[in-house]
Amino acid sequence: MPRKSMRAAINEAMRLEMRRDSTVILIGEDVAGGRGGTAEASDPPGGVLGVTKGLLSEFGPDRVIDTPITESAIMGAAAGAAITGLRPIAELMFVDFLGVCLDQIFNQAAKFRYMFGGKARAPLVIRAMTGAGFRAGAQHSQALHAIFTHIPGLKVVVPSNAYDAKGLLIQAIRDDDPVIFLEDKVLYDREEEVPDGAYTIPFAEARFVREGKDVTIVALGKMVHVATEVADRLARDGIGITVIDPRTTSPLDEDSILEAVKETGRLVVVDEGNPRCSLATDVAALVADLGFDHLKAPIKRVTPPHTPVPFAPALEDAYLPDAGRVEAAVRAVMAQQR
Amino acid sequence: MPIASITMPRWGLTMQEGKIAAWLVGVGDSVTAGMEVLEVESSKLVGPVEATASGILRRQLVPLELDFPVGTLLGVIADESVADDAIDAFIASFKPIERDVQAAEDAAPLTVVVDGINISYVRKGESGMPVLLLHGFGGDSGGWGLLQASLSSAHDVIAVDLPGHGASDKRLAGPSLSDQARFVARFLETIGIDRAHVVGHSMGGGIALALTLMCAAKVASLTLLAPAGLGPEINVDYLKDFVAAERRKDVEAALERLFAQRHFVSRALAENVTKYKRQDGVRAALDRLLEGFVRGAGQAENFRSGLPQIDVPIVILWGLDDRIIPASHADAMPAGVVVERIEGVGHMPHVEAADTVVRRIRALLRS
């Protein structure tokens, strides 16, 4: 099977769906390549990190629409287009720009189906780059999946690898509700085996990345790779770790998490989001509520500190959860017996 | 003489590690290339590992019953003339083949266009009479694992992804067993194979039977594992549930019915099958296949009456606890057909009793 980067897999998902369904359009800053994005421009870059490269030349400026720097207009236009029958993919570029267009997403797109008694649908995908580690500073490095997860009416996807990214994005485009699709920019170059054809991955279906008998680690996005590194390292010391990648935070595959905790009796949650009201607290609460009887040790969370993402490289590295901190958490829950 | 290594084998795409169940020869014993020297156990199966060269088994390196990654050095073969310190140096400098590299070499599927349909197949081993492996409904070329790896030491073994399956196009040549057999004949012609030993599981067994009746000259022997096409009954509920399942848990629940021993159904297996089922076009292909080989509550085609015309050796292997197609379909076979029923095994004898199936097929191919 061909190996593809996550960038290529995301591009392919959009390309296949735009070929299959003429109502799928792409709208955002620089998605066509900037400078007004005309099809005549030779091979425009396709976004700041090249994810939409080639889509303008294949589908033309009517379906690949460059906008001014105006997030509220992008999201408002996309939400409106969605309820009138198109399937827009709207790009927010960096998820940090969310603050500019909160109303369009939270109070409009997320509420249409509910407010109109099911008579309106908003089949909209909002793509945005997320996460730290890219040396991009506090205003371009946040991991804000928890904010979207908090809002009923939004579905939230955070892929950790190229295979999942393609299948989840196709699923998102075919979904009849607004889906927030968050792409960790440091994962764009990671390659995996990705089939050429279209396929879908249903939401709320976690992936068991590793299976072990002692500790469950729930991790999202690039934290999956940190958790997997620790699982492989500690397997040599005889500590068996199950790594679960929920893939979507809303809806969340609660069953798989509880099933894994039942098998292992210990839980570590690794989350790049800010620690208050986060995926880490949500999963910890879920297991404390419904899986308490299976626990052999208190739940551990591994998260960044509750601060903005530092710009100084040494501080940014210290900010992100790493294998050392995850291993320490695993050893801590292993040391405790209830 | 060079020093030869025996390493942890990789049987199937999901195998990452295995343990030595037993050594069949001791240190200092002579071995010949191809001889079974130890038994390895992975999470799914137990099977023999063969000597990679002739000589003396000089070292057994890792303890029994502990898991070691695929590619780990397990033993060393060399003749008496090789000094002990040369062997120590060989062991010290041995570098296990990276799992990914090995996976790429193992998998490296080939593609061929047959009647406008892209067909993916895996070919292993280069010499000897070809062996064609035909998987069952919803299966693929990756499901043979041990069987393909182990027959490839003496044969050119071809595992095909039938139309609608695996990495082949999700378009069918036709839904019935006979349609599929005609297509398999065209596939063999296209890749330039005149005659092969044919091994078929379940639906693939029915296709193998139809192929033999259709073009006897192409088939050197027939090994049927819990085959379709020998009687009316089939578990239609299973087939429908398998086709309808979209989530890993539902796929897992369906797959449990294939096995007598629950532990063969791992999350990894279910995830692999789910990956296949998620592809666009698979649902439609499987729905159409079902129409082709199920009529009412039973199988649409029955080749039993054609068996006496077949004059190549036929071996039928069936698990007594098969919940998909009853083992009683192997009752009252014409003289000359060898039937072996295996206790404690369900619909997947090549997985649940891999060892027995491999030995049985090897014996047939040797004869």
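Have a look at A:VAL287, A:VAL261, A:VAL268 and point out the one that is under 17 Å from A:ARG325 (Cα atoms) and hydrophobic (A, V, I, L, M, F, W, C). Walk me through how you get there before you give the answer.
Working: A:VAL287 fails: under 17 Å from A:ARG325 (Cα atoms); A:VAL261 fails: under 17 Å from A:ARG325 (Cα atoms).
Just one listed residue meets the conditions, A:VAL268.
The rows are residues; the columns are (1) at pLDDT below 95; (2) hydrophobic (A, V, I, L, M, F, W, C); (3) not in a loop (DSSP other than H, G, I, E, B).
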site	(1), (2), (3)
B:ALA228	no, yes, no
B:ASP241	no, no, yes
B:GLU246	yes, no, no
B:GLU256	no, no, yes
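Take B:PHE242 and decide whether it is more than 14 Å from chain A (Cβ to nearest Cβ) and more than 22 Å from B:SER168 (Cα to Cα).
Working: more than 14 Å from chain A (Cβ to nearest Cβ): yes; more than 22 Å from B:SER168 (Cα to Cα): no.
It is false that B:PHE242 is more than 14 Å from chain A (Cβ to nearest Cβ) and more than 22 Å from B:SER168 (Cα to Cα).
Given the condition part of a helix (DSSP H, G or I), closer than 21 Å to A:ALA206 by Cβ and not assigned by TED's automatic domain parsing to the domain that holds A:ASP184, answer yes or no: does some residue in segment A:304-327 qualify? Give the derivation first.
In the first step, residues of segment A:304-327 are kept if they are part of a helix (DSSP H, G or I); the result is A:313-319, A:323-327.
Cutting the leftovers down to closer than 21 Å to A:ALA206 by Cβ gives us A:326.
Adding the requirement that they be not assigned by TED's automatic domain parsing to the domain that holds A:ASP184 leaves A:326.
The answer is yes; a qualifying residue exists.
Give the residue, chosen from B:VAL122, B:VAL157, B:VAL184, that is among the aliphatic types (A, V, I, L, M), under 23 Å from B:LEU222 (Cα atoms) and touching a residue at least 40 places away in the same chain (Cβ under 8 Å). Give the steps one after another, and end with the answer.
On the way: B:VAL122 fails: touching a residue at least 40 places away in the same chain (Cβ under 8 Å); B:VAL157 fails: touching a residue at least 40 places away in the same chain (Cβ under 8 Å).
When all the criteria are applied, what remains is B:VAL184.
Just one of the numbered conditions (1) touching a residue at least 24 places away in the same chain (Cβ under 8 Å); (2) under 30 Å from B:VAL49 (Cα atoms); (3) open to solvent by 30 Å² or more (accessible area, probe 1.4 Å) is not true of B:ILE316; which one?
(3)
Hey, could you check segment B:258-274 for residues that are polar (S, T, N, Q) and in a helix (DSSP H, G or I) and say which is farthest from the other protein chains (Cβ to nearest Cβ)? Working first, answer last.
First, pick out the residues of segment B:258-274 that are polar (S, T, N, Q): B:261, B:266, B:272, B:274.
Checking which are in a helix (DSSP H, G or I) leaves us with B:272, B:274.
Working: B:ASN272: 12, B:THR274: 8 Å.
Once the filter is applied, the top-ranked residue is B:ASN272.
With respect to B:SER152, is the statement that it is modelled with pLDDT of 95 or more and open to solvent by 10 Å² or more (accessible area, probe 1.4 Å) true? Explain how you work it out, then say what you get.
Details: modelled with pLDDT of 95 or more: no; open to solvent by 10 Å² or more (accessible area, probe 1.4 Å): yes.
In short, no.
Every residue in segment A:93-127 that is aliphatic (A, V, I, L, M), buried (at least 23 other Cβ atoms within 10 Å of the Cβ) and within 17 Å of the chain's Cα centre (by Cα), please.
A:VAL95, A:ILE105, A:LEU124, A:VAL125, A:ILE126
Taking the criterion of being among the β-branched types (Val, Ile, Thr), open to solvent by 20 Å² or more (accessible area, probe 1.4 Å) and at pLDDT below 90, would at least one residue in segment B:96-106 satisfy it?
Looking only at segment B:96-106, we keep the residues that are among the β-branched types (Val, Ile, Thr), and these are B:97, B:101.
If we keep only those that are open to solvent by 20 Å² or more (accessible area, probe 1.4 Å) as well, we get B:97, B:101.
Now narrow it down to the ones that are at pLDDT below 90: B:97, B:101.
Yes; the residues of segment B:96-106 include at least one that is among the β-branched types (Val, Ile, Thr), open to solvent by 20 Å² or more (accessible area, probe 1.4 Å) and at pLDDT below 90.
Filter segment B:21-48 down to the residues that are in contact with an Asp or Glu (Cβ under 7 Å, 6 or more places away or on another chain) and assigned to a strand (DSSP E or B), then identify the one that is farthest from B:SER141 (Cα to Cα). Full working, then the answer.
Restricting attention to segment B:21-48, the residues satisfying the condition of being in contact with an Asp or Glu (Cβ under 7 Å, 6 or more places away or on another chain) are B:21-22, B:24, B:34-37, B:46-48.
From the residues that got through so far, the ones that are assigned to a strand (DSSP E or B) too are B:21-22, B:36-37, B:46-48.
On the way: B:ALA21: 27, B:ALA22: 29, B:GLU36: 25, B:VAL37: 27, B:VAL46: 19, B:GLY47: 19, B:PRO48: 21 Å.
Ranking the qualifying residues of segment B:21-48, first place goes to B:ALA22.
Exactly one of these conditions fails for B:ASP194: (1) away from chain A (no Cβ under 14 Å); (2) assigned to a loop (DSSP other than H, G, I, E, B); (3) surrounded by 22 or more Cβ atoms within 10 Å (Cβ to Cβ). Give me its number.
So the condition that B:ASP194 fails would be (3).
Provide a single number: the residues in segment A:260-271 that are of a type outside the set (S, T, N, Q), crowded, with 20+ Cβ neighbours inside 10 Å and part of a helix (DSSP H, G or I).
Residues that pass the stated criteria total 2.
Considering each residue of segment B:222-274, count those that are more than 21 Å from B:LEU134 (Cβ to Cβ), surrounded by fewer than 21 Cβ atoms within 10 Å (Cβ to Cβ) and polar (S, T, N, Q), and give that number.
The number of residues fulfilling the criteria is 2.
Output the residue which, of all residues in segment B:338-361 that are open to solvent by less than 40 Å² (accessible area, probe 1.4 Å) and out of contact with any helix residue (DSSP H, G or I) (no Cβ under 7 Å at 6 or more places or on another chain), is modelled with the highest pLDDT.
Only one residue tops the list, namely B:GLY344.
Might you let me know whether segment B:46-68 holds any residue that is within 18 Å of B:HIS350 (Cβ to Cβ) and either open to solvent by 50 Å² or more (accessible area, probe 1.4 Å) or in the same structural domain as B:HIS155 (by TED's automatic domain parsing) (or both)?
yes
Name the single residue, out of those in segment A:307-321 being under 24 Å from A:VAL230 (Cα atoms) and either touching a Lys or Arg at 6+ places or on another chain (Cβ under 8 Å) or among the polar types (S, T, N, Q) (or both), that is surrounded by the fewest Cβ atoms within 10 Å (Cβ to Cβ).
A:PRO313
Name the single residue that is farthest from the other protein chains (Cβ to nearest Cβ) among those in segment A:254-282 being closer than 13 Å to A:LEU144 by Cα and touching a residue at least 40 places away in the same chain (Cβ under 8 Å).
A:ASN274
Is it true that some residue in segment A:187-206 is among the polar types (S, T, N, Q) and within 27 Å of A:VAL326 (Cα to Cα)?
Our first condition is that a residue be among the polar types (S, T, N, Q); within segment A:187-206, this holds for A:200.
Within this subset, residues satisfying the condition of being within 27 Å of A:VAL326 (Cα to Cα) are none.
Scanning segment A:187-206 turns up no residue that is among the polar types (S, T, N, Q) and within 27 Å of A:VAL326 (Cα to Cα).
Per-residue answers, yes or no, for (1) open to solvent by 30 Å² or more (accessible area, probe 1.4 Å); (2) assigned by TED's automatic domain parsing to the domain that holds A:HIS150; (3) farther than 23 Å from A:ALA146 by Cβ:
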| residue | (1), (2), (3) |
| --- | --- |
| A:GLU211 | yes, no, yes |
| A:VAL215 | no, no, yes |
| A:LEU220 | no, no, no |
| A:HIS225 | yes, no, no |
| A:ASP237 | yes, no, yes |
| A:ARG247 | no, no, no |
| A:PRO251 | yes, no, no |
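Within 14 Å of chain A (Cβ to nearest Cβ), over 16 Å from B:VAL358 (Cα atoms) and not in a helix (DSSP H, G or I), is that true of B:GLY136? Please lay out each step first, then the result.
Numbers: within 14 Å of chain A (Cβ to nearest Cβ): no; over 16 Å from B:VAL358 (Cα atoms): yes; not in a helix (DSSP H, G or I): yes.
No, not satisfied.
Specify which of the listed residues (A:ASP176, A:ASP184) is away from chain B (no Cβ under 13 Å) and surrounded by 19 or more Cβ atoms within 10 Å (Cβ to Cβ). Show your work before the answer.
Values: A:ASP176 fails: surrounded by 19 or more Cβ atoms within 10 Å (Cβ to Cβ).
Answer to the selection: A:ASP184.
Here is a yes/no grid of residues against (1) assigned to a helix (DSSP H, G or I); (2) farther than 30 Å from A:ASP196 by Cα:
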position	(1), (2)
B:ASP287	yes, no
B:VAL312	no, yes
B:TRP318	no, yes
B:SER328	yes, yes
B:ALA335	no, yes
B:HIS347	no, yes
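Within segment B:275-313, take every residue that is within 12 Å of chain A (Cβ to nearest Cβ), open to solvent by 40 Å² or more (accessible area, probe 1.4 Å) and among the basic types (Lys, Arg) and give me the one that is nearest to the chain's Cα centre (by Cα).
The qualifying residue nearest to the chain's Cα centre (by Cα) is B:LYS275.
The values are calculated or read from the model by the stated rules, or taken from the named source; none is laboratory data. A quick note: this is a predicted structure, and the numbers were derived from the prediction, not measured. Note that each Cβ is placed from the backbone with ideal geometry, even for glycine, and that neighbours are counted across all protein chains shown. Surface accessibility is based on the protein's heavy atoms, side chains included, excluding ligands, DNA and RNA. Shrake-Rupley method; radii C 1.70, N 1.55, O 1.52, S 1.80 Å.
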